[in-house]
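What follows is a single structure, written as C-alpha cells, with notes after it.
No value in this document is a laboratory result; all are computed from the given coordinates. Keep in mind that what you see is a predicted model, and the values were worked out from it rather than measured. Virtual Cβ from ideal backbone geometry, glycine too; neighbours counted across all protein chains shown.
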Amino acid sequence: MKKRHPNHRLVKIHRNYTVEEVAELFGIHKNTVRHWVKAGIATSDDKRPMLILGHELAAFLQGRRAKNKRPCKPGELYCFRCRAPKLPAAGMADYTPVTEKFGNLTAICPACHTIMNQRVSLAKIDQIRGIMDISFPQARQHVVESTKPTVNSDLK
C-alpha cells in the first residue's frame, strides 16, 4: 500500500534510522527513502549503513506537507478535482445547516463544474456574504400549518 503522506508523528526525533527502518515505519519502498536522502534529508555521516537523523526526517516530512498546502482565502472553496481553491461559479453558494452553530457551503467550480464544499461557522458567515451570494434554505411548511392540507391518505 502506497503512503502518499507519511505521518511525521511516527518518527522519534531522538533516534537514528536506517533506510530499511524508515521504509518499514511508513510502509514504503526503500528507494523512496533513498530519494528523500538525495532530496535533502541529513544523514549522520557518509558511511554505511546510512543513518537518518530522526529530527531531520520529521522536519523534512513536515516541510513537504506544508509546501503542498493551499489555504482558502475568504470566499474561496477548495475544488478537489482542480486541486486548488477557487471562487464559486457566478459567486453563488448554498448553505446547509448541520447544527445550530455551523453548516456546509456548497457551490459549483467554475473550471470543472464539480461540487465544492466547505465547513463554515454561522458566526463567520457574514464575512463571506460580502464576497458571494449565499442562499439559505427556507423551512418547509408543515401539513398542519397549511391552509389547504392535502387528503392523500387511505384513512376514512
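Below is a table of values for the structure above.
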item: Normalised contact order of the chain, rounded percent, pairs of Cα under 8 Å and 6 or more residues apart; result: 16 percent
item: Long pairs among Lys38/Lys86; Lys73/Lys101; Lys38/Lys73; Lys47/Lys69; Lys67/Lys101; Lys30/Lys86, criterion Cα-Cα beyond 28 Å; result: Lys38/Lys86; Lys38/Lys73; Lys47/Lys69; Lys67/Lys101; Lys30/Lys86
item: Qualifying chymotrypsin sites (Phe, Trp or Tyr not before Pro) for region 1-89 [loop in DSSP, other Cβ within 10 Å: at most 14]; result: Phe80
item: Loop-located trypsin sites (Lys or Arg not before Pro) in region 1-65, at most 11 other Cβ atoms within 10 Å (DSSP); result: Lys2, Lys3, Arg4, Lys47
item: Residue-count net charge about Asn104 - beta-carbon cut-off 13 Å; Lys, Arg +1, Asp, Glu -1; result: +1
item: Residue order, fewest to most beta carbons within 10 Å, for Leu77, Leu57; result: Leu77, Leu57
